[in-house]
Amino acid sequence: MRVWILGSGGREHAIGWAFRKCGHDVFFVPGNAGTEATGINIPCETVEEAKRLIKERSLEIDLLIPGSEDYIAKGVADILEDKTFAPKSRPALLEASKIFAKKFMKRYGIRTARFETVESEGELEEKIKRFSPPYVLKADPLAGGKGVIIVNDKMEAIEKGKALMRGELIKGVKGGLVLDDYLKGEELSAIAVIGEKDFELLPFARDYKRAYDNDQGPNTGGMGSWAPVKIAEKTLEGIEDILERTLDGLRKEGLSYKGFLYLGLMMVEGEPYVLEYNVRLGDPETEAILPLDPEGFVEMVLSASFEGRPSVKMREESFVVDVVIASSGYPMDPKKGMEVRVEGDGLYFFAGVSRKDGKMVVSGGRVVHAVGIGRNLKEAREKAYEGASKVHFEGAFYRRDIANVYL
Ligand code: AMP
Ligand code: GLY
């Protein structure tokens, strides 16, 4: 089967790696300098160009998997619906609009933090009085993982909220926002593979969002992950209930859903609360989940896509740890252009790398994912860190505490 994967990060590399392992022909649009060894890179600069390519070359595509939300929100699945494993643009609002998502959760009794939606600066000043610190403000539109502000001081919350609404805080992001009650607990990523008739969960994963050890520093796209996270039966029931209510709600609104659905959860006393929906696989969760059982993953996606329900579940007999090696300055202003050398022969998924004069160079903040697979978490962790120590470029850094839960 000819599988097209849209995107250029580590998640897309991991998806392509799994399909390639199962004997499929993999095409990355556009991919990166590290995906060249796994499939064929098709150059492409923008989402619009990707959409054009898909239309022009539709006969060469058997299955299309968009990696990042941008493609999905901009309607890639509206082009080749039957062959695309992703929702269309309307249900993609679950991720593309926080206001839509929060109102949707309220309508269908899905547990989430108490909230207020804010459409104007005056409303912000008024409604923030109904909250206490820490204040949580979320930009309504897509913000590439940077749209959540958590601050203790009310004046600062108002100032930052206003700047966010005016588009002065994050480039290209402006408009409404959501005020959320602050939830304290452990985070968990739950991802379902959803066909038109039924769904199945992937193994659970833990993502590390802050840039530095001990959850210090700014929020990032994710600095590492591990899987499978084991959860209590009651928690699992809570997660399945959230998914059923979500799909039921979509159906009631006349929307069908096919593709991945990611729940960013906060576990509060064993009860899952939804922090966010994503309409795609998580990054870096994917890099830790897929190596558990790449064949099972591929089978799940193919059966969900073409038969309407996943026919298997992924095996969870090993552990996987993913350590992200980032470039200095990430996430604010990562340094680029340095040569990347990888000495190890372990498992690596490449992200922010491109090719210049035949050399692999840094072209993004998260550069390489070093992945370790083991019989237990300790072994997986040791292998991941051994892999990370063999990646060299000027200014490379990574967290030392990924998956240290057993220490
Ligand atoms: P989101 O994009 O909504 O998942 O938010 C990004 C991160 O902000 C989450 O992974 C949490 O760490 C944090 N966060 C979001 N909403 C809340 C909340 N209501 N309470 C506490 N932390 C939150
Ligand atoms: N790891 C969080 C995300 O993919 O949004």
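Bear in mind that the values in this text are calculations on the coordinates, not laboratory data. Source: prediction; values computed, not measured. All Cβ positions, even for glycine, are placed from backbone atoms using ideal geometry, and neighbour counts span all protein chains on display.
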*Comparing G387, G31, G175, which has the greatest mean-square fluctuation in the GNM of the chain with Cα pairs linked when under 10 Å apart?*
G175
_Value in Å of the Kirkwood radius, where the range 1-127 supplies the Cα pairs that are averaged_ = 16.3 Å
*asked:* Running a GNM on the chain with Cα contacts under 10 Å, which residue among V342, V118, V298 ends up with the highest mean-square fluctuation?
replied: V342
*Quick one: if you stick a label point 7 Å off each Cα along the C-beta vector at V268 and E123, how many nm between them?*
2.3 nm
*Which loop-located GluC sites (Glu not before Pro) does the range 271-346 contain, where loop means any DSSP state but H, G, I, E or B and the Cβ has at most 12 other Cβ atoms within 10 Å?*
E317, E343
*17 Å tail of the calculated P(r), the range 244-340, as % of Cα pairs*: 69 percent
*How large is the charge dipole for the chain, taken about the Cα centre, if only the Cβ atoms of Lys, Arg (+1) and Asp, Glu (-1) carry charge, to the nearest 20 debye?*
540 debye
*Taking 0.36 nm per intervening residue step and subtracting the Cα-Cα distance, what contour gain separates R57 from K162 on full extension?*
33.4 nm
_What number results when the radius of gyration of the chain, computed over Cα atoms, is divided by 2.2 N^0.38 Å?_
0.94
*Dipole magnitude of the range 1-143 about its Cα centre (Cβ charges: Lys, Arg +1; Asp, Glu -1), debye to nearest 20*: 740 debye
*Using 17 Å as the cut-off for backbone N distance, which residues of the range 351-366 belong to the label zone defined by a point 7 Å from the Cα of E45 along Cα→Cβ?*
355
*Between K103 and E240, 0.36 nm times their residue separation minus their Cα-Cα distance comes to what?*
47.3 nm
*Can you give me the P(r) profile for the range 142-275? Cα pairs, bins 10 angstrom wide beginning at 0, each as a whole percent.*
10, 32, 35, 20, 2
*asked:* Taking θ = phi - 60°, what integer Hz values does the Karplus form 6.51 cos²θ - 1.76 cosθ + 1.60 yield along the range 204-220, in sequence order, with x for Gly and Pro?
replied: 6, 9, 10, 10, 10, 8, 6, 5, 10, 3, 6, 6, 9, x, x, 5, 10
*asked:* Using the Cα centre of the range 1-80 as the reference point, and only Cβ charges (+1 on K/R, -1 on D/E), how large is the resulting charge dipole? Debye, rounded to the nearest 20.
replied: 200 debye
*Which net charge results when you count Lys and Arg as +1 and Asp and Glu as -1 among the other residues whose beta-carbon is under 9 Å from that of E317?*
0
*asked:* Could you list D213, D357 so that the one with the fewest beta carbons within 10 Å of its beta carbon is first and the one with the most is last?
replied: D357, D213
